[in-house]
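The values are calculated or read from the model by the stated rules, or taken from the named source; none is laboratory data. Note that the coordinates shown come from a computational prediction; the quantities given were computed from them, not determined experimentally. As a convention, Cβ positions derive from the backbone with ideal geometry for all residues, glycine included, and neighbour counts pool all protein chains shown. Accessible surface is based on the protein model in full, side chains and every heavy atom, while ligands, DNA and RNA are left aside. Shrake-Rupley method; radii C 1.70, N 1.55, O 1.52, S 1.80 Å.
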Amino acid sequence: MNLQTYSILTWNATGIMSSAAYLSDCLNQNKVDICGISEHWLYEKDLSFLNQIDNCYSSHAVADCDLKRPSNRRVGKGGVAILWHRKHHNKISPLFFEDDRIIGIKYEIDTDNFLFFFQVYLPCINHSIELYRDYVDRLQNVISLYSEKGTVVIMGDVNTHLSRSCCQERLNNRSTYFNALLRESNMVSINTLDLCRGANSTFVTYDGRYESLIDHIIIPAEKLQYLSSCEIKEDNALNVSRHRPVHCVLEIPAGLLLYLDNQIENIKINWRKIDQESISAYGLQIENNERIRNQFFEGDLNSVNSIDQAYQTLVSEITATAQNCFPVKTFKHFLKPYWNQELHDFHKRMTITRASWWLMVSLGILVA
């Protein structure tokens, strides 16, 4: 089977200029394809520094908005970025948000088949719980919007502790609210799973007294079968940040994302509203499904085409049955009450136009 391998890394650098050497080592040692960075601390005029860390990598970044506000001490303690290996350059389009805590890219596997990577830096405990919840809602809106177009991968510092699956810990309000997002979106932090190797925490205070798991790589639960490895990096003398990088490798059969996410209607189940009655109805309909029975028990699975057809039938019937039995999530208009189809079309055209302009700038055809 032809597998497409993606090496993914996320890290809160706590100042990229002092951490560039360590990041360069991480990129090369792990043969990283996509890398998310939180807290690069760069001014907008200095964002090009990210392209100088390693000649093999390009970047898409935003600076901390606080740097644009009048202040006696203009020091940016934020900013997010995504770096990618330049061998993928012609497959990647930057995504643009009016935000300094969420940034994204679109990776085109093939026609109408996309991976979306988002690097986040959610508000820390110095900010109110109301602001934190507002950003979690924004992130949920991003997931809902882009998961209709492809597979979404969330990376970064979510600034709340999420327990390893082997541990039972009491979670605070931030963790509870973020876990609700994961449940509703049917997504999983892979470095909370038992299979994750390396350190047990991603953040350690400078005095070493407190540790927590606040940096994550999050993928759809149905894509966990494609997780090849996951690791939280151990301490390193070059790492001057309080955070440890999280690294994973995904191995996805070629064409499978296209098949699941585009040829079959992509539905989003509202998992929190499922009850036992709907589960029983779903099981009964699957058990009595004639198309599945005919395909698997009365058909001949003796060729590649017949197996592909059986697989297509199975996924199609399961999807249709789930849509019939379970409550389906809808776009939350109250988060963007001004959004309509006309604005959606304008936004799409703007994104395509700006991506084309940026590509021409990158190639030296135009001057920024």
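For the range 109-126, which positions are out of contact with any strand residue (DSSP E or B) (no Cβ under 7 Å at 6 or more places or on another chain), polar (S, T, N, Q) and either assigned to a loop (DSSP other than H, G, I, E, B) or modelled with pLDDT of 95 or more (or both)?
Residues satisfying the conditions are Thr111, Asn126.
Considering each of Asp54, Asp33 in turn, give the residue that is in contact with a Leu (Cβ under 6 Å, 6 or more places away or on another chain) and either under 25 Å from Tyr107 (Cβ atoms) or of a type in the set (Asp, Glu) (or both).
On the way: Asp33 fails: in contact with a Leu (Cβ under 6 Å, 6 or more places away or on another chain).
Only one candidate passes the filter, namely Asp54.
Return the residues of the range 324-368 that are at pLDDT 65 or above and more than 27 Å from Arg138 (Cβ to Cβ); say none if nothing qualifies.
Within the range 324-368, Asn324, Cys325, Met360 meet the criteria.
For every residue, the table says whether it meets (1) among the aromatic types (Phe, Trp, Tyr); (2) modelled with pLDDT of 95 or more.
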site: Tyr210; (1), (2): yes, no
site: Lys223; (1), (2): no, no
site: Glu231; (1), (2): no, yes
site: Leu256; (1), (2): no, no
site: Tyr259; (1), (2): yes, no
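I need the full set of residues from the range 140-160 which are more than 23 Å from Val32 (Cα to Cα) and of a type in the set (Gly, Ala, Ser), in order please. Show your work before the answer.
Looking only at the range 140-160, we keep the residues that are more than 23 Å from Val32 (Cα to Cα), and these are 140-149, 159-160.
Those that are more than 23 Å from Val32 (Cα to Cα) and of a type in the set (Gly, Ala, Ser): Ser144, Ser147.
What tally of residues in the range 226-241 results from selecting those that are outside any loop (DSSP other than H, G, I, E, B) and open to solvent by 30 Å² or more (accessible area, probe 1.4 Å)?
We begin by selecting, within the range 226-241, every residue outside any loop (DSSP other than H, G, I, E, B); these are 226-232.
Within this subset, residues satisfying the condition of being open to solvent by 30 Å² or more (accessible area, probe 1.4 Å) are 228-229, 231.
Residues in the range 226-241 being outside any loop (DSSP other than H, G, I, E, B) and open to solvent by 30 Å² or more (accessible area, probe 1.4 Å): 3 in total.
State all residues of the range 1-25 that are more than 20 Å from the chain's Cα centre (by Cα), part of a loop (DSSP other than H, G, I, E, B) and of a type in the set (Gly, Ala, Ser); if no residue qualifies, say none.
Gly15 - this is the single residue of the range 1-25 that is more than 20 Å from the chain's Cα centre (by Cα), part of a loop (DSSP other than H, G, I, E, B) and of a type in the set (Gly, Ala, Ser).
Might you check whether a residue that is part of a loop (DSSP other than H, G, I, E, B), open to solvent by 30 Å² or more (accessible area, probe 1.4 Å) and in contact with a Gly (Cβ under 9 Å, 6 or more places away or on another chain) occurs anywhere in the range 80-100? Let's see the steps before the verdict.
We begin by selecting, within the range 80-100, every residue part of a loop (DSSP other than H, G, I, E, B); these are 96-100.
So of that shortlist, the ones also open to solvent by 30 Å² or more (accessible area, probe 1.4 Å) come out as 96-98.
When the remaining residues are screened for being in contact with a Gly (Cβ under 9 Å, 6 or more places away or on another chain), the result is 96-97.
Yes; the residues of the range 80-100 include at least one that is part of a loop (DSSP other than H, G, I, E, B), open to solvent by 30 Å² or more (accessible area, probe 1.4 Å) and in contact with a Gly (Cβ under 9 Å, 6 or more places away or on another chain).
All but one of (1) open to solvent by less than 60 Å² (accessible area, probe 1.4 Å); (2) in contact (Cβ under 8 Å) with a residue 60 or more places away in the chain hold for Ser18, so report the exception by its number.
Of everything listed in (1) open to solvent by less than 60 Å² (accessible area, probe 1.4 Å); (2) in contact (Cβ under 8 Å) with a residue 60 or more places away in the chain, Ser18 misses just condition (1).
Return the only residue of Asn191, Asn172, Asn126 being free of Cβ contacts under 8 Å to residues at least 24 places away in the same chain and in contact with a Ser or Thr (Cβ under 9 Å, 6 or more places away or on another chain). Break it down into steps so the answer makes sense when it comes.
On the way: Asn191 fails: free of Cβ contacts under 8 Å to residues at least 24 places away in the same chain; Asn126 fails: in contact with a Ser or Thr (Cβ under 9 Å, 6 or more places away or on another chain).
The unique qualifying residue is Asn172.
From Ile105, Ile143, grab the single residue that is over 18 Å from Arg174 (Cα atoms), buried (at least 21 other Cβ atoms within 10 Å of the Cβ) and free of Cβ contacts under 8 Å to residues at least 60 places away in the same chain.
Ile143
Go through the range 218-232 and count every residue that is under 15 Å from Gly198 (Cα atoms) and touching a helix residue (DSSP H, G or I) at 6+ places or on another chain (Cβ under 7 Å).
2
Does Tyr210 meet the test of being of a type in the set (Ser, Thr, Tyr) and open to solvent by 50 Å² or more (accessible area, probe 1.4 Å)?
yes
Out of the range 213-225, which residues are in contact with a His (Cβ under 7 Å, 6 or more places away or on another chain) and open to solvent by less than 10 Å² (accessible area, probe 1.4 Å)? Quick ask: steps written out before the conclusion?
Here is the first cut: in the range 213-225, the residues in contact with a His (Cβ under 7 Å, 6 or more places away or on another chain) are 213-215.
Residues satisfying the conditions are Leu213, Asp215.
Of everything in the range 275-300, what is at pLDDT 75 or above and either in a loop (DSSP other than H, G, I, E, B) or open to solvent by 90 Å² or more (accessible area, probe 1.4 Å) (or both)? Give them in sequence order.
If the condition is that a residue be at pLDDT 75 or above and either in a loop (DSSP other than H, G, I, E, B) or open to solvent by 90 Å² or more (accessible area, probe 1.4 Å) (or both), then Asp275, Gln276, Glu277, Leu284, Glu287, Asn288, Asn289, Glu290, Arg291 are the ones that fit.
Answer with yes or no whether Val62 is hydrophobic (A, V, I, L, M, F, W, C), open to solvent by 20 Å² or more (accessible area, probe 1.4 Å) and more than 22 Å from Thr5 (Cβ to Cβ). Spell out the reasoning first.
Details: hydrophobic (A, V, I, L, M, F, W, C): yes; open to solvent by 20 Å² or more (accessible area, probe 1.4 Å): yes; more than 22 Å from Thr5 (Cβ to Cβ): yes.
In short, yes.
Please specify each residue of the range 31-59 satisfying the condition of being in contact with a strand residue (DSSP E or B) (Cβ under 9 Å, 6 or more places away or on another chain), open to solvent by 30 Å² or more (accessible area, probe 1.4 Å) and assigned to a loop (DSSP other than H, G, I, E, B).
Scanning the range 31-59 gives Lys31, Cys56.
Sort out which residues of the range 61-108 are farther than 19 Å from Leu139 by Cα, modelled with pLDDT of 85 or more and among the β-branched types (Val, Ile, Thr), and write them in order of number.
Hit for the range 61-108 is Ile92, nothing else.
Return the residue satisfying two criteria in turn: it lies in the range 147-161 and is in contact with a strand residue (DSSP E or B) (Cβ under 7 Å, 6 or more places away or on another chain) and modelled with pLDDT under 90, and of such residues it is nearest to Ser201 (Cα to Cα).
Filtering the range 147-161 down to residues in contact with a strand residue (DSSP E or B) (Cβ under 7 Å, 6 or more places away or on another chain) leaves 149-158, 161.
Those still in the list that are modelled with pLDDT under 90 too: 149-150.
Values: Lys149: 33, Gly150: 30 Å.
Here the residue is Gly150.
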